Amino acid sequence: MDKARRILKRLAIIIVILIAVVYGALWLRWPLPAKTVPGPEAGPHANWWDNPRPMSQAEAEALRFISSVTWQLPPEDSSGVWSMGGRRQTGVSSIRYHAAFAGYAAALAGMHTPACPELTAKIMRSLIARMLDKFTWHYVEYYWREEKTFPDPVAFENIMYSGHLLHLLAYYEAITGDDRYRTAGFDFVWDESTRIHYDTMKLAETIAGLMRSSDCGGVCCEPGLVFFPCNNHPQVGLLALEAMGYGSWEKERRRWEKFALSSFGTIFGGGAFKLLYMPRYKIFVPRGVPGLDGWSVLWYYPWASDPERVGQVWRRAAAHIDWTAFSDSNPGLTNIPLADCCGGMGEVPAAVVAAFDFPAAASAGDLESAALLKDWLERFWLERTNGLAYIRTDVKGQIASTANYLIGLSLLNGADSRALTRHPLPRDYFATGPWIESVLPEDATIYCAYRSGSNLAVEVEAPGEVVLRLKNMPAVRRVEGVAESAWKYSGTELKITLAGRKKIQICP
């Protein structure tokens, strides 16, 4: 009997020690490879809109695909194209992510054409409408029905939706100058009797309030779970609004960054960032995920107080990537676990992971890794057809992967999410100088459009006649780059006969 008691006592001690060790590992805060106290934030960027590089052919092809699944998509085809995420819309392939990433891609591609925002605006308005559609956010019924804020989808937790929406709204106004969502606002319509009105600033302050009431400065996605990548998006949105002169959320930004840098580093590998934090219990899931690292680095870059930290974190993340998965001999047909420490989270195609890591490497300045991932995607997963290009996964990954591929291309070609966030177009840009309001035919491609002094510099491709509707240009004296007989200006419309792709200067 005494011997049995001693054995049981020892077992109890061992169990207590194991529990303590496990809890200690979950509780332990480990810094990311960066200073834990942010220094002075970087100053303003150069005026990127003065002389941007032309969009590449590869960017134009991917952007055509994004157009084909947004503003050009016939309503009767919508349910098939946007069928990802299933009925509940609670998984990582849900519509909100595809819509958000596609919008960010359109905004960054739009940095090539600041004086012609029409295409970016069409794409982003279509995606914002999809984000506001009840089907995209109706999952609040499964998570927060008992909360007093229900069915408001942004008033409590759910930063995995509200953060993306704010990011989209801020980037839309930053790149197009259109303030409709900030001034007129928008509605979340639950049913015939429940309509909740917001505008961009109300959404921003609602999210900022959740940050202030949080013990760490981050906001939960699913109930009780804080993820680093999801909390990037509201920070980008808030900072972009701040740069446009619409508020200040520096304290909220600094508080979250300090906590994240000091706590979200992994202990047991798998990636650079811990998967998640549970504020109720003050514990983390300590293991990382390679694809999550790419997402985290890509959208930490625009709002990081020190961009050098982004490179430091990426190098740690890159050390966890199995680079053999992206070699010439591997077409990437096997899936990669979302998290090998958490059962039931599922897997994603290697192409989806590569599509996240490619723009992350580009944003961190790791051009060698960015080129490797880009080439691998193009060799095994890129489909080109009818003038457009997309990453050939199933519906669960296609739009988001193509959008991230386009983001990577744009970052390599001079676009800069940090510059767009911190130094958006001047608020009077579309009131004080010439710009192109619309382009016909719709299949014409504008590779570049910007002001060159009082002129408009445009690179355009069309099969024949193209019509540019100009604003703030009462007269056109000449069009350099085409014969005088090939153009005519009447009212606000400049008609030009083209044969292929041309660089022109429109001179008032």
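The values are calculated or read from the model by the stated rules, or taken from the named source; none is laboratory data. No experiment lies behind these values; they were computed from the predicted model shown. Because the Cβ atoms are built from the backbone with ideal geometry, glycine has one as well, and the counts that use them run over all protein chains shown. The accessibility values were calculated without ligands, DNA or RNA, using every heavy atom of the protein model including side chains. Shrake-Rupley method; radii C 1.70, N 1.55, O 1.52, S 1.80 Å.
The longest stretch of the chain left intact once loop-based GluC sites (Glu not before Pro) with at most 16 other Cβ atoms within 10 Å are removed from consideration, loops following DSSP, is 193-441.
Restricting the calculation to Cα atoms, segment 159-209 yields a radius of gyration followed by a Dmax of 11.5, 35 Å. This model, with +1 at the C-beta of Lys and Arg and -1 at the C-beta of Asp and Glu, gives segment 379-471 a dipole about its Cα centre of some 420 debye. R0 = 56 Å: FRET efficiency of Tyr281 with Gln72, Cβ-based, nearest 0.05? The formula returns an efficiency of 0.75 here.
Between Ala155, Thr136, Thr120, the Cα set farthest toward the positive side of the dipole of segment 112-171 (charges on each charged residue's Cβ, about the Cα centre) is that of Thr120.
Across segment 454-480, the residues whose backbone nitrogen lies under 19 Å from the label position 7 Å along the beta-carbon direction of Asp50 are 454-458.
Any idea what the alpha-carbon Rg over 2.2 N^0.38 Å comes to for segment 154-249? Intermediate results must be reported in sequence, preceding the final value.
On the way: Rg = 13.2 Å, N = 96, 2.2 N^0.38 = 12.5 Å.
Compared with the compact-globule rule of thumb, segment 154-249 sits at 1.06.
Taking 30 Å as the straight-line reach from the Cα of Lys274, the lysines in range (excluding those fewer than 8 positions away in the same chain) are Lys35, Lys251, Lys258, Lys282, Lys374, Lys396.
Modelled spin-label separation between Glu141 and Val189, with each label point placed 7 Å from Cα along the Cα-to-Cβ direction: 1.6 nm.
Based only on Cα atoms, what Rg/Rh ratio does segment 302-449 have, Rh being taken as Kirkwood's radius?
A ratio of 1.03.
Against the longest principal axis of the chain, how steep is helix 290-300, in degrees 0 to 90 to the nearest 10, with axes from Cα atoms? That helix lies at roughly 60 degrees to the long axis. Average 1/r across all pairs of distinct alpha carbons in segment 125-181, invert it, and you get the Kirkwood radius: 12.2 Å.
Placing unit charges on the Cβ atoms only, positive for Lys and Arg and negative for Asp and Glu, gives segment 184-336 a dipole magnitude near 640 debye about its Cα centre. Taking the Cα centroid of segment 196-260 and of segment 437-508, what is the distance between the two, rounded to the nearest whole Å? If you average the Cα positions of each part, the centres end up 42 Å apart. Does anyone have the angle between helix 118-132 and the longest principal axis of the chain? Alpha-carbon axes, 0 to 90°, nearest 10? Long axis of 118-132 versus the principal axis of the chain: about 40 degrees.
Considering segment 67-144, its Cα convex hull presents a mean projected area of 5.4 nm². Along the chain, the longest continuous region that contains none of the chymotrypsin sites (Phe, Trp or Tyr not before Pro) in a DSSP loop with at most 13 other C-beta atoms within 10 Å is 1-267. Modelled spin labels at Gln312 and Lys471, positioned 7 Å past Cα toward Cβ, are 4.3 nm from each other.
Calculate I(q)/I(0) for segment 90-195 by the Debye formula, one identical point scatterer on each C-alpha and no solvent, and give its log10 at q = 0.22 Å⁻¹ to two decimals. Treating every Cα as an identical point scatterer, log10 I(q)/I(0) equals -1.17.
Restricting to DSSP H runs of at least four residues, report the calculated mean residue ellipticity at 222 nm for the chain, -39500 (n - 2.57) per run over all residues, nearest 500 deg cm²/dmol. Write down the numbers at each step before the final one.
On the way: 18 runs with 220 residues, N = 508.
Per the formula, -13500 deg cm²/dmol.
Using only the alpha carbons of segment 431-508, what is the convex hull's orientation-averaged projected area in square nanometres? Average of the hull's projected areas for segment 431-508 equals 4.5 nm². Calculated accessible area for the chain comes out at 41 Å² per residue, all protein chains present (probe 1.4 Å; ligands, DNA, RNA ignored).
The long axis of helix 95-109 is offset from the longest Cα principal axis of the chain by roughly 40 degrees.
Dipole magnitude for segment 192-282: about 340 debye, using +1 per Lys or Arg Cβ and -1 per Asp or Glu Cβ, origin at the Cα centre. Which percent of the accessible heavy-atom area of the chain goes to carbon and sulfur, probe 1.4 angstrom? Solvent-exposed carbon and sulfur of the chain make up 54 percent of the total.
When the charge dipole of segment 47-92 is built from unit charges on Cβ atoms (+1 for Lys and Arg, -1 for Asp and Glu) and taken about the Cα centre, the candidate among Trp71, Asn47, Gln89 whose Cα reaches farthest toward its positive end is Gln89. When you work out D = kT/(6 pi eta Rh) for segment 235-389 at 10 °C and 1.306 mPa s, using the Kirkwood radius from C-alpha pairs as Rh and the Stokes-Einstein form, the result is 94 µm²/s.
When Rg is the radius of gyration of the Cα atoms in segment 251-329 and Rh is its Kirkwood radius, what does Rg/Rh come to? Provide the component values of the computation, followed by the final result.
On the way: Rg = 13.5 Å, Rh = 13.4 Å.
My calculation of the ratio gives 1.01.
Counting only lysines at least 8 places from Lys503 when in the same chain, those with an alpha carbon closer than 21 Å to its own are Lys471, Lys488, Lys495. Quotient of the Cα radius of gyration of the chain and 2.2 N^0.38 Å, N being its number of residues: 1.04. Summed over all non-identical Cα pairs, the Kirkwood treatment of segment 368-473 gives a radius of 16.7 Å. Computed extension gain for Lys495 through Leu440, at 0.36 nm per residue and net of the alpha carbon distance, reaches 18.9 nm. Each 5 Å bin from 0 upward holds the following percent of the Cα-Cα pairs of segment 174-308: 2, 10, 17, 20, 18, 14, 10, 7, 3, 1, 0.
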